[in-house]
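Some notes on the structure that comes next.
We did not get these values from a lab; they are worked out from the coordinates using the rules stated. Remember, predicted model here, so these are calculated numbers, not experimental data. Cβ atoms come from the backbone with ideal geometry, glycine included; neighbour counts cover every protein chain shown.
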Amino acid sequence: MAAKAEDIKVLEKVVDIAKKELNPVEYARFLALIMPKKGDTVKQLRELRDKETYEEIIERLKKKGVTITP
């Protein structure tokens with residue numbers, strides 16, 4: 001079912017609010033909750049982990065603006 005333009009505007013507004021009000025971890029959890037589920041996300045994360053080093057993953061997160069604390 002296709003979303004109506006008004007529905008998309010509401011969703012965009014909610015995502016903007018969430019982005020401002022939630023920390024990066026909470027925002028990621030929020031997106032995971034509202035996104036349609038396709039495939040095996042645990043498997044996909046493991047595959048990504050196997051392809052990239054820990055340092056590469058940390059660098060990618062930093063580029064996205066995530067604060068990394070030891």
**Message:** Under the rule a/c < 1.5 gives rounded, and otherwise a/b versus b/c splits prolate from oblate, where does the chain land using the Cα gyration tensor?
**Reply:** oblate
**Request:** Calculate the spin-label point distance for Glu47 paired with Leu22, positioning each point 7 Å from the Cα along the beta-carbon direction, and give it in nanometres.
**Result:** 2.5
**Fill in**
Sequence order, region 56-61: Karplus ³J(HN,Hα) from phi using 6.51 cos²θ - 1.76 cosθ + 1.60, θ = phi - 60°, Hz rounded, Gly and Pro as x, gives 5, 5, 4, 4, 4, 5
**Message:** Quick check: pseudo-label points 7 Å beyond the Cα along Cα→Cβ at Glu6 and Lys37, how many nm apart are they?
**Reply:** 3.1
